[in-house]
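The block underneath contains the structure these notes are about, expressed in structure tokens.
Each value in this text was obtained by applying a stated rule to the coordinates, not by laboratory testing. A quick note: this is a predicted structure, and the numbers were derived from the prediction, not measured. As a convention, Cβ positions derive from the backbone with ideal geometry for all residues, glycine included, and neighbour counts pool all protein chains shown.
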Amino acid sequence: MSLTLLLVVLAAGVVVLLAGKVAFQPAKLLLKIGFSGCLGLAVLWLVNFAGAYVGFTIPLNPFTVIVTGLLGVPGLAMLSILEILIK
């Protein structure tokens, strides 16, 4: 095998690896957002389950799930404060 052929094969391999990484980046982001949304839904459900005993609930809708999923505990605290201020 000549050195030129080896370099061409190596360069093609690098290009394929970089293209694969770029192609799967959006899928990885969507998977992360979906997991965060599911986690946010679970946390909101737990808060509503525990809060039902004291009369405190946060509505389950796409906005509250996204806020809790993306922001985590600070997002849940913000939603709780907003719910208290609105009532």
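Per-structure values
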read-out	value
Cα-based shape type of segment 40-87, given that a ≥ b ≥ c are square roots of the gyration tensor eigenvalues and the cut on a/c is 1.5	oblate
Label-point separation in nm, SER2 to LEU31, each point 7 Å along Cα→Cβ	4.2
Mean Cα-pair separation over length for the chain, i.e. relative contact order, pairs under 8 Å, 6 or more apart, %	25
Highest to lowest packing among 69-78, 36-45, 55-64, scored as the average C-beta count within 10 Å	36-45, 69-78, 55-64
Coordinate range along principal axes, alpha carbons of segment 3-86, Å, largest first	75, 20, 17
Helix runs (DSSP H) in the chain reaching 15 Å along axis by Cα, Kyte-Doolittle at least 1.6	3-51, 73-86
